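Throughout, read-outs are computed from the coordinates displayed, never taken from laboratory work. Everything numeric in this text was worked out from a predicted model, so none of it was measured. Cβ placement follows ideal geometry from the backbone for every residue including glycine, while neighbour counts extend to all protein chains displayed.
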Amino acid sequence: MKKFLSVLMTFIILIALAAPVQTANAATIKLNKSKATILVGSSVTLKLTGTTKAAKWSTSNKKIATVSTKGVVKGMKKGTANITAAINGKKYTCKITVNEKTVTVTVTNMLNNDAITKYLGTIKFSKTKLNDDYTTTYTMTTVQQKDILNFLTENFKTSLSDNLLPYYEAITVNKDFTYFVSTVDKNEYQKNVENDPTALGLFIWSSGYQQFNGIKDADIKFLIDIVDKDTGKKFDTINLSDIE
């Protein structure tokens, strides 16, 4: 009888000791992050520690941040979203803040006509610095950069139509503002080429656009093909060395 009671007591003690261990293990389940900040397009991986079971992941706003079945969170748009991992009837949440990417560019002030100066004045840059060499350094989001490049493209078209010399039929440019084609009256062009300011003006536009696009001065490209409007054939070329 004494032996039976001894075994019974040992069994009861083991049960009593085992119960708290199970509770403690359950309490250790948690996310590796309670909050995180990422950039648009970048990602962070969230993990549940204290369990080997797979969690069900969800996001409060998939337009701001998405989450995969493995807890990989990707920034989609500036804003905040809550990422939730559900397991065993409980939920664990991480607050994700998504910021836009920023870029820093240095731009010559020669480009600034009244319209451009006014437009740039409406933008809330992260940082602006006036340099001693008459350039300005801007820190901006990639969204702001895209908007500026679109504005410069449209402003170029307007300025071109307002200032095109009589013997120019048309001037076209590629999307990167590195290559222009000027279609002209060949005879009139050759008579006035020495005093023609068009190439310099196009270079200022070209370099300014490329600088806002993040291109360094040493990497700027510039080329103009001069085409006879009557024959459609190129008869002259102006490149960067001709301007400098």
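Using θ = phi - 60° in the Karplus curve 6.51 cos²θ - 1.76 cosθ + 1.60, the 3J(HN,Hα) couplings for the range 94-99 round to 10, 8, 9, 10, 10, 10 Hz; x is entered for Gly and Pro.
The ranking of ASP196, ASP162 from fewest to most other beta carbons within 10 Å of each one's beta carbon is ASP162, ASP196.
May I ask you to list the trypsin sites (Lys or Arg not before Pro) in the range 141-179 that are in a DSSP loop and have at most 16 other Cβ atoms within 10 Å of their Cβ?
Details: sites: LYS146, LYS157, LYS175; in loops: LYS175.
Loop-located and lightly packed - LYS175.
The modelled label-to-label distance between THR237 and ASN187, using points 7 Å beyond Cα along the C-beta direction, is 2.8 nm.
Need the list of lysines near LYS118 for cross-linking: C-alpha distance under 19 angstrom, and skip anything on the same chain fewer than eight residues off. The qualifying lysines are LYS127, LYS129, LYS146, LYS157. Among the lysines, which fall within straight-line cross-link reach of LYS62, defined as a Cα-Cα distance under 21 Å, with same-chain neighbours fewer than 8 residues apart omitted? By straight Cα distance, LYS62 reaches LYS33, LYS35, LYS47, LYS70, LYS74, LYS77, LYS78, LYS91, LYS95, LYS101. Using the Karplus relation 6.51 cos²θ - 1.76 cosθ + 1.60 with θ = phi - 60°, the per-residue 3J(HN,Hα) values for the range 43-56 come to 9, 9, 9, 9, 9, 8, 9, x, 8, 9, 6, 7, 8, 9 Hz, with x marking Gly and Pro. At an R0 of 35 angstrom, the distance between the Cβ atoms of TYR179 and THR122 translates into a FRET efficiency of 0.70.
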